[in-house]
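Everything below concerns the one structure shown next.
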Amino acid sequence: MAGIGAGSGAARVGGGVNLLALRSHNAALLLDLLRRAGRTGMSRLELAERTGLTPQAVSKITARLREDGLVTEAGRQASTGGKPRTVLRLVPEAGHAVGMHLDRDELRVVLVDLTGAVVGERCAPLDLGAGADAVLDVVVAEFGEVVAGLGLGLGTSAEGQGGAGATVLGVGVAMPGPLDHTHGVLHRVTGFPEWDGFPLRDALARRLGAPVVLDKDTNAAALGLAVEGEAGAFAYLHLGTGLGAGLVLGGAVHRGSRTGAGEFGHQVIQLDGPPCSCGNRGCVEALCLAAVARGDVDEAARVLGEGAANLVGLLDIDVVLLGGRTVAAESARFVRGVGTVLDARARREGVGVSVPVRVASGGGRGVAEGAAQLLLVPLFGRGEG
């Protein structure tokens, strides 16, 4: 699934190896196959057959990966008449990534191994309007706690010398937009205009002593879903303290040339509607949150469905996935309500079968796990967004 991720730089791992810098295209192919094979592993001959590389090339690359501690031998396959083949497998604990979800009122942090499995988790209150210093203090403290759970300490420099740099690739940070994913700078975060222009990525990298990748919460969640196997073109709609969308088109997270795609919540569907925190009136987000606030979940689902129907009509996507804490509280009603609107739109337009609607996998930590994948996907040859 080339192109679904994004990442730059990496902290050093055991033996002084820079994980993201060491990968060649072929090494990444082998690592990804071994990741998918799990504990069962694969022989060098199988790796050669699956990649089209020569056995000699596979032997050379895997020897280097073993030397770097990323790959190890995992026994031998039963003989089929020739010499038993040695099986190789990925070493999940050879490296870790931290994923953070900075919501308007909560911070969730996960520590994952190279397979993406969560091996540590923290959750703490957060006031996104408290100012940069206060927010960064909470982030740094929770980062320290989650890596300390595995006996890992904080890094001491942006180059990853010591501490967390021993096994942590870096930190993926996901938060509400709009923001500039490429340069790691926030724009006028909806409801928090004081963050406009703040270089969050670089500020956090200095404080944490580790590389940082910044993206919107919805993009991170969509990335995580794609990595976990969600296929085709899909939209992930996140309704929590705000409303946004993550789009995967052609196997890639679609961010747009200015990394501003997915501001789904601020499409105006009622010209004289209530004011929204973005400055417009009648936005899907404002209408949804107002309905939720007065306890009218069915109306919130209907409004969300109208916005989703516009998106389906515009992009011809294959599936709509719903997530976020507000959806989680009434998931069946939201799925039913959004599905009803999409069904009605499909009948009116004579397109036959409606686009399916499902709750996204991942639950409450789906965004944080997706943020961690911002660091992992390049290691396995999945490209950079």
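The values are calculated or read from the model by the stated rules, or taken from the named source; none is laboratory data. Fair warning: this is a prediction, and the values are worked out from it, not measured in the lab. Here the Cβ positions follow ideal geometry from the backbone for every residue, glycine too, while neighbour counts run over all protein chains shown. The protein model used for the area step is the full one, side chains on, heavy atoms only, and it has no ligands, DNA or RNA in it. Shrake-Rupley method; radii C 1.70, N 1.55, O 1.52, S 1.80 Å.
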If I go through the range 281-314 residue by residue, how many of them are in a helix (DSSP H, G or I) and either touching a strand residue (DSSP E or B) at 6+ places or on another chain (Cβ under 7 Å) or buried (at least 16 other Cβ atoms within 10 Å of the Cβ) (or both)? 23
Please verify whether the range 256-274 includes one or more residues that are of a type in the set (S, T, Y) and out of contact with any Ser or Thr (no Cβ under 7 Å at 6 or more places or on another chain). yes
Any residue at all in the range 75-96 that is touching a Leu at 6+ places or on another chain (Cβ under 8 Å), small (G, A, S), in contact (Cβ under 8 Å) with a residue 60 or more places away in the chain and closer than 30 Å to V189 by Cα? no
What residue, among those in the range 316-360 that are hydrophobic (A, V, I, L, M, F, W, C) and exposed (fewer than 15 other Cβ atoms within 10 Å of the Cβ), is nearest to G305 (Cα to Cα)? A344
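Yes or no, residue by residue, for (1) more than 18 Å from the chain's Cα centre (by Cα); (2) under 13 Å from V98 (Cβ atoms); (3) modelled with pLDDT of 95 or more; (4) of a type in the set (G, A, S):
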site: D137; (1), (2), (3), (4): yes, no, yes, no
site: D180; (1), (2), (3), (4): no, no, no, no
site: T190; (1), (2), (3), (4): yes, no, no, no
site: P199; (1), (2), (3), (4): yes, no, yes, no
site: A205; (1), (2), (3), (4): yes, yes, yes, yes
site: D215; (1), (2), (3), (4): no, no, yes, no
site: A222; (1), (2), (3), (4): no, no, yes, yes
site: A231; (1), (2), (3), (4): no, no, no, yes
site: H238; (1), (2), (3), (4): no, no, yes, no
Hey, which of the helices (runs of 4 or more DSSP H) in the range 1-63, taking only ones fully inside, have at least 1 residues that are modelled with pLDDT under 50 and out of contact with any Leu (no Cβ under 8 Å at 6 or more places or on another chain)? 19-22
H266 passes all but one of (1) without any contact (Cβ under 8 Å) to a residue 40 or more places away in the chain; (2) open to solvent by less than 40 Å² (accessible area, probe 1.4 Å); (3) over 21 Å from the mean Cα position of the chain (by Cα); which number fails? (1)
Any chance the range 337-354 includes a residue that's within 24 Å of the chain's Cα centre (by Cα) and among the hydroxyl-bearing types (S, T, Y)? no
